[in-house]
Amino acid sequence: MKRLHRYSPQNVRMIVSQCPEATFVASYRRWQRELGYQVRKGERGIMVFAPRLVRRDRGEPAEAPGESQEQRLVFGAVHVFDRSQVEPIPGRALPLEAPECAPVEGDTHAHLIPRLEALGTELGFTVERRTLEEGVGGRCDSKANLITVAAGQRANAEVRVLAHELAHALGVGYRSHGRERAECIVECAAYLALAAAGLDVSASSVPYLAGWAGEDPEVLERDAAEIDRIARRIEEALDRGEVTVEAA
């Protein structure tokens with residue numbers, strides 16, 4: 001999901017089952033027209049499901065310009081191709097390398113903190129910095145609508161904590177999900193969203209997930225849809241432009 005975060009969990013499973021080494025997947029048209037690559041002759045497409053709009057009654061004649069037209073969403077099989085199946089078109093090919101991931105120890109992603117705080121505000125939560133006990137990076141109190149971040153952390157570490165606690169604020173609590181399941185969901189969602197933003201938290205996330213998943217690693221697959229939903233919500237906040245705060 002980290003490599004193919006633009007696809008649904010169902011499509012990620014389909015892609016990996018057909019092409020386990022896939023890292024960058026796009027349609028034939030997008031490879032050719034937008035990215036400047038040509039799918040090699042003889043390459044076999046990877047089947048996924050994609051939505052399209054159709055008229056509810058195909059037998060009716062086309063409506064006049066300006067009139068509304070009722071449509072419905074249907075899903076059909078389409079084929080996509082991995083970067084290993086294409087060749088660059090001279091003079092048109094765009095670079096495909098993913099941005100370098102920064103370590104969680106630094107301050108490279110400090111600009112994301114206001115965006116995450118803004119998401120907290122949208123969800124009705126207040127974000128505060130306080131001195132917490134050793135080893136605790138943050139907390140999310142859904143009753144008080146309060147996210148607490150341990151004071152004195154480097155910016156990248158604070159981004160990681162905020163993403164994790166915001167995932168809790170997006171509806172993943174101990175009462176509704178159980179402690180182990182909740183922690184797996186929120187940490188995996190934070191990991192995916194931050195990876196898309198170019199922040200590598202695997203050094204802390206992988207052992208964290210292993211500890212909470214215990215002997216049941218399938219918990220992540222069972223909750224893949226919820227993980228994907230939360231990760232996308234956090235990623236939307238991270239993708240926003242500069243956040244300005246008006247003085248009171």
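All of the numbers you see were taken from the coordinates with simple rules; none came from a lab. These numbers come from a predicted model, not from an experiment. Here the Cβ is made from the backbone with ideal geometry for all residues, glycine too, and neighbour counts use every protein chain on show.
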request  = Place the peptides 82-94, 7-19 in order of packing, highest mean first, counting for every residue the other Cβ atoms within 10 Å and averaging per peptide.
outcome  = 7-19, 82-94
inquiry  = Give me the mean projected area, in nm² to one decimal, of the convex hull enclosing the Cα positions of the range 102-238.
reply    = 7.6 nm²
Which of Asp228, Asp107, Asp200 has the fewest Cβ neighbours within 10 Å, and the rest in rising order = Asp107, Asp200, Asp228
request  = List, in order, the whole-Hz ³J(HN,Hα) value for each residue of the range 118-124 obtained from phi through the Karplus relation with A = 6.51, B = -1.76, C = 1.60 and θ = phi - 60°; use x for Gly and Pro.
outcome  = 5, 5, x, 4, 4, 7, x
ask   = Counting DSSP beta bridges with both partners in the range 102-238, what percentage is antiparallel, nearest 5?
value = 35 percent
message = Treating only the Cα positions of the range 113-175 as identical point scatterers, give the base-10 log of I(q)/I(0) from the Debye formula at each q in 0.14, 0.21, 0.23 Å⁻¹.
response = -0.33, -0.76, -0.91
